[in-house]
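> First the structure, then my questions, so here it is.
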Amino acid sequence: MISPSDIEKAYTAIRPHIVRTPIVYSQKLSDLCGCRTFFKLENFQMTGSFKERGALNRLLRLSAEEVKKGVVAASAGNHAQAVAYHCQRLGIQAKIVMPVATPLIKVVSTQNYGAKVILHGETVDDASEIALDLSRKEGLTLVHPFEDPLVISGQGTIGLEILDDELGQGIEALICPIGGGGLISGIATYLKETKPGIIIIGVEAAASPSMKKSLQVGHPVKLESASSLADGIAVKKVGHLNFEIVKKYVNEVVTVEEDEIANAILLLLEAEKIVAEGAGAVPLAALLNHRVPLEGKKVLSVISGGNIDVNILDKVIMRGLSVEGRITQLTVRLKDLPGSLTSVLEIIKRLHVNILDIIHHRFDSSAPFGCVDVSITLETKGHPHIQEIRQALKEGGYSI
């Protein structure tokens, strides 16, 4: 186990080389969540996530011989960039093993920081096996993303900054993402040992609830698969040390669904102009969907990172808009006669709906002879508006 003094020692070491990230208050999201809502913006770090804290603390403890030989790490993005960046700055050779499907931008960013990137396996777990093998064969020091007391202590410096910040004073609950467990372990240790009354809530994607399942059975378990929009916390198995710390200090671990994560990303972007990756948005997703009763409390959520792939951001936004009922797609069956589509469009026009797209399924439709299906994507004003449109079309004699 680690102690607050370990975290304080880590902060003294890393403070000159990291960003002391701000805490911000959101009135808009407070109104939506029913509590005073604050955010710790770790997406403001140089490489876009909290991972720099733990990686740097580990690197600064390397012996002269270890520095000479170099390090190896496995990661799908954030830990890779954190290790690569600080290795370049400290003059340490780094090899990073990344899954084959890692987005190109993350691979290139890691390479630009001077690391040698090795693409291997389908998951971070697969990449970790190769990293461990390289560590043994080449004498490289393995910089683990979460199962390391020095890494955990580095992540725990977020808790120290929170209590030292004017806006962090008097927080009653903290909500934090959980992947392997390093982030929440460090923060929970510092907060609970310093201010025991603070409620600590961990959040996982429902698609990869490794910590929640581990707590249910009493020991770390390995999931068969781990895939989520929140790829930064899609971990098959949490660390043993992290599991013990979470079991001791964390009040509750909850999960959120993929649509809820997408909606949280959208709201952060729209309401507060905060760019958060999926993992960084799960605390807000838990708050918005009332996974825990925190009404009226002062709640701080950790935005763990902002490294969302721009190639999928458009899809995430569309999914979030769909969840809110601000975009919908209806497939309407028409008689295959001139003027049929015009009649449908007149109904839509009467309800003041903006049309974003129309697809006429003339050649790939399952409609019976004499009919045709048309998919219409609409910009709507919420779920009641969608129901109004559906009802008007049904009353017009159309099958939806």
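> Among Val332, Ala94, Leu313, whose Cα lies farthest out toward the positive end of the dipole of the chain, if unit charges sit on the beta carbon of Lys, Arg (+1) and Asp, Glu (-1)?
Ala94
> Eigenvalues of the Cα gyration tensor times 5, then square-rooted: what semi-axes does that give for segment 13-124, in whole angstrom, largest first?
Values: eigenvalues 187, 71, 20 Å².
So the equivalent ellipsoid measures 31, 19, 10 Å along its semi-axes.
> Can I ask one more? What whole-number distance in Å separates the alpha-carbon centres of segment 367-400 and segment 310-358?
Each part reduced to its Cα centre gives a spacing of 9 Å.
> Taking the Cα centre of segment 151-275 as the origin, how large is its charge dipole in debye, to the nearest 20, when only Lys and Arg (+1) and Asp and Glu (-1) carry charge on their Cβ atoms?
Around 700 debye, computed over segment 151-275.
> Show log10 I(q)/I(0) for the chain at q = 0.07, 0.09 Å⁻¹, two decimals, from a solvent-free Debye sum over equal Cα scatterers.
-0.38, -0.59
> Please list the non-local residues whose amide H lies under 5 Å from the amide H of Val238, H modeled 1.01 Å from N, same-chain partners needing a gap of 5 or more.
Residues meeting the amide H criterion: Val221.
> Can you tell me the 0 to 90 degree angle between the C-alpha axis of helix 124-138 and the longest principal axis of the chain, rounded to 10?
Computed tilt is about 30 degrees.
> With +1 on the Cβ of every Lys and Arg and -1 on the Cβ of every Asp and Glu, and nothing else charged, how large is the dipole of the chain about its Cα centre, in debye rounded to the nearest 20?
Result for the chain is approximately 400 debye, rounded to the nearest 20.
> Project the alpha carbons of segment 199-300 onto their principal axes and report the range along each, largest first, in whole Å.
39, 31, 18
> Also, I was wondering about something else. Order by neighbour count: Met318, Met1, fewest other Cβ atoms within 10 Å first, most last.
The order, fewest Cβ neighbours first, is Met1, Met318.
> Sort Arg89, Arg362 by Cβ crowding within 10 Å, fewest neighbours at the top.
Working: Arg89 14, Arg362 11.
Ordered by Cβ neighbours within 10 Å, fewest first: Arg362, Arg89.
> Quick check on the exposure proxy: order Phe243, Phe39, Phe50, Phe363 from fewest to most C-beta atoms within 10 angstrom.
Phe363, Phe243, Phe39, Phe50
> For Ser365 paired with Gln387, estimate the spin-label separation in nm (one decimal), with each label point 7 Å from Cα along the Cα-to-Cβ line.
2.9
> Taking the Cα centre of the chain as the origin and placing charges on Cβ (Lys, Arg +1; Asp, Glu -1), which of Ala226, Val302, Thr377 is farthest toward the positive end of the dipole?
Val302
> Shifting gears a bit: Would you mind counting up the charge near Pro149? Only other residues with Cβ under 13 Å from its Cβ, with Lys and Arg at +1 and Asp and Glu at -1.
Surrounding charge for Pro149 is -1.
> Normalised by the empirical 2.2 N^0.38 Å for globular proteins, what value does the Cα Rg of segment 99-142 take? Mind dumping the intermediate values first?
Numbers: Rg = 11.0 Å, N = 44, 2.2 N^0.38 = 9.3 Å.
Rounded to two decimals, the normalised Rg is 1.19.
> Just how far, in whole angstrom, is segment 227-247 from segment 126-163 if you go by their alpha carbon centroids?
Between the Cα centres of segment 126-163 and segment 227-247 lies a distance of 13 Å.
> Same structure, new question: Under a Cβ-only charge scheme (Lys and Arg +1, Asp and Glu -1), can you give me the dipole magnitude of segment 270-325 about the Cα centre, in debye to the nearest 20?
Using only the charged Cβ atoms, the result is roughly 220 debye.
> Can you give me the pair-distance distribution of segment 291-400, C-alpha pairs, 5 Å bins, whole percents?
Histogram of Cα-Cα distances, whole percents per bin: 2, 10, 17, 17, 14, 12, 8, 6, 6, 5, 3, 1, 0.
> Just tell me which lysines come within less than 25 Å, Cα to Cα, of Lys213; anything on the same chain fewer than 8 places away is out.
Here the lysines satisfying the reach criterion relative to Lys213 are Lys51, Lys192, Lys222, Lys236, Lys237, Lys247, Lys248.
Where a number appears in this text, it was derived from the coordinates with a stated rule and is not lab data. Just so it is clear, the model here is predicted, and its values are computed rather than measured. All Cβ positions, even for glycine, are placed from backbone atoms using ideal geometry, and neighbour counts span all protein chains on display.
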